[in-house]
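The values are calculated or read from the model by the stated rules, or taken from the named source; none is laboratory data. All of these numbers come straight from a predicted model, not from anything done at the bench. Cβ: placed from backbone, ideal geometry, glycine included. Neighbour counts: every protein chain shown. These accessible areas exclude ligands, DNA and RNA; they are computed on the full protein's heavy atoms, side chains included. Shrake-Rupley method; radii C 1.70, N 1.55, O 1.52, S 1.80 Å.
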Amino acid sequence: MSTPTRRRRTPKDELIPLPEVLDELGISRPTWYRWRNRGLGPEARRTPSGRICVRRSVLDAFKDELEAA
C-alpha cells in the first residue's frame with residue numbers, strides 16, 4: 001500500500017502578502033482596491049488569518065499582461 005503524498009506548491013506558486021504585491025506593482029493600497037472593485041487586478045485570496053495574498057503565478061501573469069498592453 002502506498003503512503004499518501006502531500007502535494008507541494010512550487011516556489012512559483014507561493015502566496016505573496018498584499019504589502020509585497022503593492023510594492024512589486026508600484027501602486028498604493030487605494031489603487032489596489034479601486035482595481036479590485038473594477039475587476040482589473042490580479043485574483044487575490046484571503047488566508048484563514050485574514051491576510052490578503054496573491055499567488056506568485058497569478059501575479060506574474062498579471063504583470064505580463066500589463067507589459068503586453
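Each Lys or Arg adds one and each Asp or Glu takes one away; over the other residues whose Cβ falls under 11 Å from the Cβ of ARG45, this sums to +2.
Distance distribution note for region 13-53: the fraction of Cα pairs above 11 angstrom is 65%. Taking all protein chains together and rolling a 1.4 Å probe, ILE52 ends up with roughly 20 Å² accessible.
The stretch between TYR33 and ASP13, if pulled fully straight at 0.36 nm per residue, gains 4.9 nm over its current Cα-Cα span.
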